[in-house]
Amino acid sequence: MQIDLSSRKIFITGAGKGIGLALTHYLIQSGAQVWAHYRSLTPELKQLEEKYALLHLVQGDLANPLEVQSVFNQVTSAAGQLTGMVWNAGIFEGHPTDLSTAAWMDIWHKTMNVNLHAVGQLTHAGVQHFLAGGQGGQMIFISSRAAYRGETADFLAYAASKGAVVSLGKTVARSFGKQGITSFILAPGFTRTQMAERFIQEVGEDKVLAEIGLNELTKPEDLAPLVALALSGAMDHASGTTIDFNAASYMH
Ligand SMILES: NC(=O)c1ccc[n+]([C@@H]2O[C@H](COP(=O)([O-])OP(=O)(O)OC[C@H]3O[C@@H](n4cnc5c(N)ncnc54)[C@H](OP(=O)(O)O)[C@@H]3O)[C@@H](O)[C@H]2O)c1
């Protein structure tokens, strides 16, 4: 059953590939108008834009706070009042313990800039936007199983950034619910995208499969119906919740 999002205007970050691309596709098919941010334009996103008038693209590097603001401003000037936002863009870069402090901290800062600082800045702008509109809206934070389970030794910054995103999403839910703003955190486990593929190849697919409760790894499109449901408003009374999407690999 396809969820009807025909009255909705949604802003999503990191839509060029992976989970962001799959969510964008599903949201448009559900009838939403979507403002999709990308950093690098991919043929897949370009094809969607050519096919669907409901899709509008905005480019920017979210590691740069000036570009974060510019992307947000471009989206809201074009869209008017948004009903939903999805903070999906993120990086997963390793920094092994045997690196020098400077090199290790370099990845730490890079990770925090994209995975946390940009999300914080967008959340602030997004809450102001929803409050000014007077109708509230839904905000979705794409975190990770790593926020709860922890990550492997090379990914300390990634796990810490995703843990902070969980706290941010919960606090938005507690703080602005009375003004109609609801917030949901999605915590995927391994999902077949470029981000996870390198790790799956390194560790071996059999080993990754052995760690999950289902027969196959999660695909990006598996996440889409639930995100659409949250953006429809039908889940508003579950605001603040974390939705685990890890094929029964980690329960908390
Ligand atoms: N795949 C998994 O197993 C998994 C598991 C748990 C959580 N997640 C989370 O799910 C989200 C999407 O990940 P994915 O698996 O779809 O990864 P992906 O295929 O690597 O896509 C990541 C997206 O983020 C964008 N991005 C990265 N750095 C950016 C920057 N500085 N400015 C703007 N955009 C930037 C990328 O743009 P470019 O194409 O230009 O790089 C890309 O569109 C991330 O937040 C990730 O942490 C993924």
### Message
Test of understanding: extend the Cα→C-beta vector of ASN215 to 7 Å, then name every residue of segment 185-208 with backbone N under 17 Å from that spot.
### Response
206
### Query
So what are segment 64-214's ellipsoid semi-axes, whole angstrom, largest first, if each one is the square root of 5 times an eigenvalue of the alpha-carbon gyration tensor?
31, 18, 14
### Task
Could you work out how far apart the two model spin labels at VAL203 and ALA53 are, taking each label as a point 7 Å from the Cα in the direction of the beta carbon, and quote it in nm?
4.6
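Going by average Cβ density within 10 Å per residue, which order do the peptides 117-123, 155-161, 129-135 take, highest to lowest?
Per-residue Cβ counts within 10 Å, averaged per peptide and sorted highest first, yield 155-161, 117-123, 129-135.
Once the piece of chain linking ALA132 and THR152 is laid out straight, how much longer is it, given 0.36 nm per residue of separation minus the C-alpha distance between them? Could you put the intermediate results ahead of the total?
Working: separation 20, 0.36 × 20 = 7.20 nm, distance 4.17 nm.
Taking 0.36 nm per residue and subtracting the Cα distance, the gain is 3.0 nm.
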### Query
What are the lysines whose alpha-carbon lies under 28 Å from the alpha-carbon of LYS178, with same-chain residues fewer than 8 places away excluded?
LYS9, LYS162, LYS170
### Query
Taking only DSSP H segments of four or more residues, each worth -39500 (n - 2.57), what value at 222 nm results for the chain once the sum is divided by all its residues, to the nearest 500 deg cm²/dmol?
-14000 deg cm²/dmol
### Task
Place a +1 charge on the Cβ of each Lys and Arg in the chain and a -1 charge on the Cβ of each Asp and Glu, then give the dipole magnitude about the Cα centre in debye, rounded to the nearest 20.
740
### Query
Hey, which aspartates and glutamates would be in cross-link range of LYS219, C-alpha to C-alpha under 15 Å, not counting anything within fewer than 8 residues on its own chain?
GLU197, GLU205, ASP244
### Query
Measuring from the lowest to the highest alpha carbon on each principal axis, how far does the chain reach, largest first, in angstroms?
49, 41, 38
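Read the figures in this text as sums done on the coordinates, not as results from a lab. This is a predicted model, so every value here is computed, not measured. Glycine gets a Cβ as well: all are built from the backbone with ideal geometry, and neighbour counts include every protein chain shown.
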